[in-house]
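Quick notes on the structure that follows.
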Amino acid sequence: MFRYKDDMGSDGAMKRMQVNFSGRVQRVGFRYSVCRIAEPLKVMGYVRNLFNGDVEIVAEGFEQELIDFLHLIRDSHLGRHIVREKVRWVGYRSI
């Protein structure tokens, strides 16, 4: 789980992003690396392995922070393991 420690507010601008990554994304330190990438950002959420071999990220924050988070994941060393990603934007619910 990753968390931003300061109060993020609740002015209605918050978003929730669900991302499923496919490829060689398990047993390569993917979850650990995602948590490290999230640390300096104003996002909170979790990352978990799925039974089908994918990795799921559920993250909440301001939309631009979430977009930046996704780009940082893609541009990191993790990008070489990602074959496919599915991004869904859903309504904000506090994690």
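Please state, rounded to one decimal and in Å, the Kirkwood hydrodynamic radius that the chain gives when every pair of distinct Cα atoms enters the mean of 1/r. Working shown, then result.
On the way: mean 1/r = 0.0752 Å⁻¹.
Result for the chain, one decimal place: 13.3 Å.
Other residues lying with their Cβ under 13 Å from the Cβ of Q18 contribute a combined charge of +2, Lys and Arg counting +1, Asp and Glu -1.
Taking θ as phi - 60° and the Karplus parameters 6.51, -1.76 and 1.60, the scalar couplings of segment 62-69 work out to 6, 3, 5, 4, 5, 5, 4, 4 Hz in sequence order, x denoting glycine and proline.
Determine the calculated [θ] at 222 nm for the chain from helices alone, applying -39500 (n - 2.57) to every DSSP H run no shorter than 4 residues and normalising by the residue count; nearest 500 deg cm²/dmol. Can you show the working numbers first?
Numbers: 2 runs with 22 residues, N = 95.
After summing the helix terms and dividing by residue count, I get -7000 deg cm²/dmol.
Test of understanding: ordering I67, I57 by Cβ neighbours within 10 Å, fewest first, what list do you get? Numbers along the way, then the final one.
On the way: I67 14, I57 25.
Neighbour counts put them in this order, fewest first: I67, I57.
Extension gain for the segment R24 to F51, taken as residue separation times 0.36 nm less the Cα-Cα distance, is 8.4 nm to one decimal.
Charge tally around V55: other residues with Cβ under 12 Å, Lys/Arg +1 each, Asp/Glu -1 each, net +3.
Each reported figure results from applying straightforward, stated rules to the coordinates on display, with no laboratory input. No experiment lies behind these values; they were computed from the predicted model shown. Backbone-built Cβ (ideal geometry, glycine too); neighbour counts: all protein chains shown.
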